[in-house]
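Read through the structure below, which is laid out as structure tokens, and then see the notes.
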Amino acid sequence: MTDPDPAPALTDDAVLAYLTAHPGFLDRCPEAILTLGMPASPHGEGVVDIRDFAIRRLQDELRDLRDGTDSLIQTTRINLSLLKRTHQAVLSVLMGDERGCLGETVADDLPLLLDVDVAAVRFENAGSLPARSAPLATLPAGAVDKVAPRSRPIALRPQATGDERLFGGGAGLVASDALARLEPGNGHPPGLLALGSRRRGSFDEDQASDLLSFVARVVEHCVRQWTFGDRPNAPE
């Protein structure tokens, strides 16, 4: 079986004929202009050709548009990934609470799902918690208001020193943290959902905190359902 005849090489005349027959080509494929070289001005040196200026400006705008589109696509992918991991974290919290090990689930699962090094849920010991969840009550009265008052329930700190009352044995890893206020009510004391990272600057006040707040509200809801003495919770 013989190979089919190779396609004839394109010539300048063939390209010109195609563009003449398809005047809307650049409308459909504006990126093609990025590959074109501009002819020298027919008027000699020192003479500005406005057509050359306009085409070069269009090339710059197309490059900027392409770069902006690529950046938007990358940001969207990152946001979708973060949203997916947040949903997985919420499901893990709910299942952990059903098993009676909310504190342990937060400590074990959330670091992997939310890309942090340490995670914990803690409460002030001034209120009342179910007897078997008492190990979660490690914060002194007023500690929550100091770092996450009602007026600013999310604290994102680019530089932080890990607090053993929050992070237990993982406190030494923490160089930046995110703290979300928990106020379950129903007789329970206020608390914190704490995420810690070993990298300084992992969290800062300019970051969006809506997903962290969402996870915190789910944890808060779980605790609100506890009745005294019915939910065993591990401290880590």
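The values are calculated or read from the model by the stated rules, or taken from the named source; none is laboratory data. Everything numeric here is computed off the predicted structure, so don't read it as measured data. Every residue, glycine as well, gets a Cβ built from its backbone with ideal geometry; the counts of neighbours run over all protein chains shown. Accessible surface areas use protein heavy atoms only, side chains included; no ligands, DNA or RNA. Shrake-Rupley method; radii C 1.70, N 1.55, O 1.52, S 1.80 Å.
Data overview
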{"read-out": "Net charge, S176 excluded, C-beta distance under 10 Å - Lys, Arg +1, Asp, Glu -1", "value": "+1"}
{"read-out": "Extension gain (nm, one decimal) between I73 and D210, 0.36 nm per residue minus Cα-Cα", "value": "47.2 nm"}
{"read-out": "Label-point separation in nm, D60 to A141, each point 7 Å along Cα→Cβ", "value": "6.6 nm"}
{"read-out": "Computed FRET value (nearest 0.05) for R200 with L82, which takes r as the C-beta separation and R₀ as 25 Å", "value": "0.75"}
{"read-out": "Region 85-174, relative contact order [Cα under 8 Å, separation at least 6], %", "value": "22 percent"}
{"read-out": "Mean accessible surface per residue for region 91-210, computed with a 1.4 Å probe while every protein chain stays in place, in Å²", "value": "46 Å²"}
{"read-out": "Neighbour net charge for G185 - beta-carbon separation under 15 angstrom, K R +1, D E -1", "value": "+1"}
